[in-house]
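All of the numbers you see were taken from the coordinates with simple rules; none came from a lab. Computed from a prediction, not measured in an experiment: that's the story for all the values here. Cβ sites come from the backbone with ideal geometry, for glycine too, and all protein chains shown count toward neighbours.
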Amino acid sequence: MKQILQNLKNGETMLEEIPAPLCRSGHLSVRTTKSLVSAGTERMLVDFGKGNLLQKARSQPDKVKQVIDKVKTDGLLPTLTAVKNKLESPLPLGYCNVGVVEELGQDISNFKIGDRVASNGKHAELVVVPKNLCAKIPENVDDESASFTVIGAIALQGIRLLSPNLGEIVVVTGLGLIGLVAVQLLVANGCCVIGIDFDKDKLALAKSFGAEVIDLAEGDDPITIAASITEGKGVDSVLITASTKSNEPIHQAAEMCRKRGRIVLVGVVGMEFSRVDFYEKELSFQVSCSYGPGRYDANYEEKGNDYPYAYVRWTEQRNFEAILELLSAGKLNFKPLVSHRYDIANATDAYQLISEGKPLGVLLEYPNDPNSNIFERTRSVIKIPDKGGVSVAGSKAALGFIGAGNYATSVLIPAFAKTTADLLSVASANGVSSVHVCKKLGIAEATTDSDALLSNPQINTIVVSTRHNSHANWVVKGLENDKHIFVEKPLALTRNELVKIEKSYTSLGDKAPILMVGFNRRYSPLVRTVKKLLQQSSGPASFIMTVNAGKVASDHWTQDPEQGGGRIIGEACHFVDLLRFLAGARIQTTQVVALDSENKDSVIINLKFEDGSIGTISYLAAGSKSFPKERLEVFANGGVLQLDNFKSLKGFRWPGFSKEKLMRQDKGQTQCCSEFVKAIESGDRSNLIPYSELIEVANVCFTIVEQI
């Protein structure tokens, strides 16, 4: 299928052939008929992409700080590589979609196949959208008008925060799409509306909708005119829908308002406030968040958990429905807002127009044959042009990748590309990231059908890098299909999942394929040096592993017990495995102390090994990013080894060793992948993590979480 993508590195807008996304639980598959380009928002992305690195940095100072912090901990070269990979990753564009429901996922009761719906789907022939981000279109509302639903909801949410009353005087600053929709909504609400802009055509539209207008291009003074209209009392409220770096819109809004007036920001403007502007009038200021309550809440959007109607009257979905009902009742008219129409095949021309000028509503139109099933015109698997097929011979590793997120595309798949394995196919949920990495690394096939990799006879190995809650399922499926399996940590999220894996693996006996978990730290070259030095000594050792883990937001998917399992199971498992490897003995006892019940990301883990060695893992989330992220100290036989961030190793009175330093940080990812491939090709598993240790480490991590 065709989809519009944005290259943030050079600003190029591309119409790409992408494998069609598969419907999933709580979602709808929608065949697109129309989609609206949000000229303001999408032009900002285009302009950002076309800027040089310095311009990009200036526009996102918060990201620059993150880059600087990463340089301090990981070094310059790994940071530059990470930034490059991020900028090269294509960004799907669009969030104003209209189409026809073609397929329903599980847990869908209020939609049916054939319904026309408006959603925040991308610019693509087929989109898969959560049920709470869709709304049915009334029969008397055409697709073109319905394509403004999401834009309308953005304006409506800003107005709800203003809480305008009948007869109040409200200013709308910035008459782009959102501003012009806001004018209509406010007029319908019985308000006296004043529209402000530089563009005469937009001002004329606002006037036709019933607003008084102020033409900044003609030098009109908004403050003087507002004072005249209100007889010196000031306007009741101001809705700012402009896009500018200037602080003037907020200062101007404050000057125009009456005492205890209200200002709501929907657009993007300079945010340097004058205290005097707000203090004397006791003004209120609020920033509106997108479509309404539920936005950016994974429980609402992805999991489909609605807010109680009595307590949250207007969610983002109910805002969608309100806009559509107003359209149906004839209270809104979006027809005058359409300035250009393009067939999806000519979408790049539309973005050229947007980058060169300031069009209003740019509509994209899609092939619309109701007698043709969309799935006959789209595919879940596509071949990458100029990438030949691969013939599999003997026991050579032939890999299929399930999951193409940031870590997979920037680290894991490139690491396997350096081995002798054949990389045959990459599967991702939306198809965009799989196509990108396939083109980048010369892989022949991109798909959204992960199950197809299991049934493909050419593929004898699967690499799993999906979200944590699916790992165990893919491992069991892979074992059942006689595939070698490399699964990014963790192996499983629960003991029950681990039991299922054990049953599947042990039932295969000596014929079991290779099962590997991506515990790469033990493959770091400096860790291998530590292991060698320990083998030359005698007696037990003491290990202190300090992990300056940093804070992760509580609403991040890794913190969700059902999806990510938390950071102990999802990340601290790396260090349990590392100490298990260095000790070379089973873990006998485990003791844990957490910072407190609310800070389960900061824990001290004490391990006792059967050979008498002891280990402490200080996994801490409250530290500074300027401190190295990972430090290992080893005490044995009167000497000390200190490993800093997998880049430098120092010996203190350690016989025969002083120091070793790498040119760049090496956490062992490439070597970990290489040893896995070598084992498949040679049959020698001696350099892999023993199956028993994989199970042991998983069980220890479950014990840690239970103790917390």
Rg to Rh, two decimals, where the stretch 163-228 supplies the alpha carbon set and Rh follows Kirkwood: 0.94
Relative pair counts by distance (%), Cα atoms of the chain, 10 Å bins: 3, 13, 20, 22, 18, 13, 7, 3, 0, 0
As computed over the stretch 200-264, the Cα convex hull volume per residue (Å³): 97 Å³
Cα-Cα separations in the stretch 381-516 greater than 21 Å, expressed as whole percent: 37 percent
For peptides 279-285, 418-424, sequence by mean Cβ density within 10 Å, most packed first: 418-424, 279-285
Helix-derived mean residue ellipticity, 222 nm - over the chain, DSSP H n ≥ 4, -39500 (n - 2.57), to 500: -9500 deg cm²/dmol
Integer Hz, Karplus 6.51/-1.76/1.60 couplings in order for the stretch 502-507, x for Gly and Pro: 4, 4, 5, 6, 5, 5
21 Å Cα cut-off, lysine pairs counted over the stretch 151-287 (separation 8 or more, or different chains): 4
Cα centroid of the stretch 671-694 to Cα centroid of the stretch 572-620, whole Å: 24 Å
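Would you mind getting me the FRET efficiency between GLU282 and ILE223? Use the beta-carbon distance for r and R0 = 22 Å, nearest 0.05.
0.75
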Pair ASP343, LYS650: separation of 7 Å Cα→Cβ label points (nm): 6.8 nm
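Mind checking the full-extension length gain between LYS84 and LEU595? Use 0.36 nm per residue of separation minus the Cα-Cα distance, one decimal, nm. Don't skip to the end; give the middle numbers.
On the way: separation 511, 0.36 × 511 = 183.96 nm, distance 3.68 nm.
Here the answer is 180.3 nm.
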Residues HIS251, HIS123, HIS556 arranged by fewest to most Cβ contacts within 10 Å: HIS556, HIS251, HIS123
Calculated from backbone phi, Karplus (6.51, -1.76, 1.60) coupling profile of the stretch 484-500 in Hz, x at Gly/Pro: 5, 9, 10, 10, 4, 4, x, 5, 7, 9, 9, 5, 4, 4, 5, 4, 5
FRET E, pair ARG260, GLU302, Förster distance 45 Å, beta-carbon r, rounded to 0.05: 0.70
Vicinal HN-Hα couplings computed from phi for the stretch 82-90 (Karplus, 6.51 cos²θ - 1.76 cosθ + 1.60; Hz; Gly/Pro x): 5, 5, 4, 4, 5, 5, 7, 5, x
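Give the dimensionless ratio obtained when the Cα radius of gyration of the stretch 439-551 is divided by 2.2 N^0.38 Å.
In units of the globular-protein estimate, the stretch 439-551 measures up at 1.36.
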Amide H within-cut-off set for GLU103, under 5 Å, with H built and near neighbours excluded: SER29
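Starting from 0.36 nm per residue, how many nanometres of slack lie between SER626 and ALA585 once their C-alpha separation is accounted for?
So the chain would gain 11.3 nm between SER626 and ALA585.
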Stokes-Einstein D (µm²/s) once Rh is taken as the Kirkwood radius of the stretch 151-287 over alpha-carbon pairs, at 4 °C in 1.567 mPa s: 90 µm²/s
